[in-house]
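Only one structure is covered here, and it is reproduced in the block below.
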Amino acid sequence: VLDVNRDYTSSERGLLHCAKGRYYLDYDAGKSVEEYRKAVDILRKRPERLDLVSSLNSLGQALFSRHDDREAIKVLAEAASVAESAQDKVKGVLPPIYAYLGTSQYRVLDAAGAERSLRLALSTARRLNGDDHEDVVETEQRLGNFFCETGRFEEGLKLIREALDLAVRTKGPDNLFTVGGTTRVYGNALIVYGRVEEGLAHL
């Protein structure tokens, strides 16, 4: 329909490319990135900031999944900048943007930048959603894992344990995704730290 109407620059065209990017993500990462790039090129010229932030975030995560970390950092930093300067409804996507940005920075050995972004992810999640939210679980877990991976085990284990307790409190002990995933991260961290039996029990 868009082609028949020679519509190549509308928000709908940009959102179509986003949808195609999601479609290809699981089995053709290159095509997924290509579609997200097209979406970003269109949506940069449109007034809807939420659509632009969403497309930048999706492109950044697709690049992250391919370990194209240096480009992912640029794209995710732009997504964060646009979201910070936009209205409140756009800011809700900031915690995962900062989280992926921090992890990408760590993968290129920018530990200081990674810590700054991961702390922003956690503080932003708390500011936007309160203390009892799954974004807080995810960002607290990521920051704690970062501390463990950079040798700050006591601080890291404390954060991951807090994330696990929050996940159990808000999702219930039998939750598979949030509680199960956080339990796995905590168990792995305990084993690396040397508390092997305790870590194995969590795994």
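The values are calculated or read from the model by the stated rules, or taken from the named source; none is laboratory data. Predicted, not measured: the structure shown is a model, and the values here were computed from it. Every residue, glycine as well, gets a Cβ built from its backbone with ideal geometry; the counts of neighbours run over all protein chains shown. Note: accessible area is taken over every heavy atom of the protein model, side chains too, but ligands, DNA and RNA are not part of it. Shrake-Rupley method; radii C 1.70, N 1.55, O 1.52, S 1.80 Å.
One entry in [x] 139; [y] 152; [z] 130 is volume of the Cα convex hull per residue in Å³ calculated from the shown coordinates; its label is [z]. Beyond 26 Å between alpha-carbons counts as too far, so tell me which of K20/K91; K20/K45; K20/K89; K45/K91; K38/K74; K89/K158 fall in that bin. With Cα atoms farther than 26 Å apart: K89/K158.
Here the scattering of the stretch 103-147 is modelled by Debye summation over its C-alpha atoms, one equal scatterer each and no solvent; at q = 0.13, 0.25 Å⁻¹ the log10 of I(q)/I(0) is -0.26, -0.79. Extending 7 Å from the Cα toward the beta-carbon at both T170 and R49 defines two label points whose distance is 2.5 nm.
Of the residues A201, L109, G187, the one whose Cα sits farthest towards the positive end of the charge dipole of the chain is L109 (charges of +1 on Lys and Arg Cβ, -1 on Asp and Glu Cβ, taken about the Cα centre).
Centre-to-centre, using Cα atoms only, the stretch 75-122 and the stretch 143-203 are separated by 22 Å. In this structure the stretch 40-121 gives 46 Å² per residue of accessible area when probed at 1.4 Å with all protein chains present. What you get for the stretch 67-203, charging only the Cβ of Lys and Arg (+1) and of Asp and Glu (-1), is a dipole of about 120 debye around the Cα centre. With the biggest extent put first, the Cα atoms of the stretch 4-59 measure 30, 27, 12 Å across the principal axes. Counting only alpha carbon atoms, the long axis of helix 111-129 and the longest principal axis of the chain meet at about 80°. Taken about its Cα centre, the stretch 1-127 carries a charge dipole of about 300 debye when Lys and Arg each add +1 at the Cβ and Asp and Glu each add -1 at the Cβ.
Net charge of the neighbourhood of T182, taken over other residues with C-beta under 11 Å away and scored Lys/Arg +1, Asp/Glu -1, is -1.
Seen from all directions on average, the stretch 43-142 presents a Cα convex hull projection of 5.9 nm².
On the stretch 71-191, 52 percent of the accessible area sits on carbon and sulfur atoms, based on a 1.4 Å probe. Site-free segments of the chain were taken between chymotrypsin sites (Phe, Trp or Tyr not before Pro) in DSSP loops having at most 11 other Cβ atoms within 10 Å, sites themselves excluded; the longest one is 28-176. Taking all protein chains as they are arranged and a probe of 1.4 Å, the heavy atoms of E71 leave approximately 60 Å² accessible to solvent.
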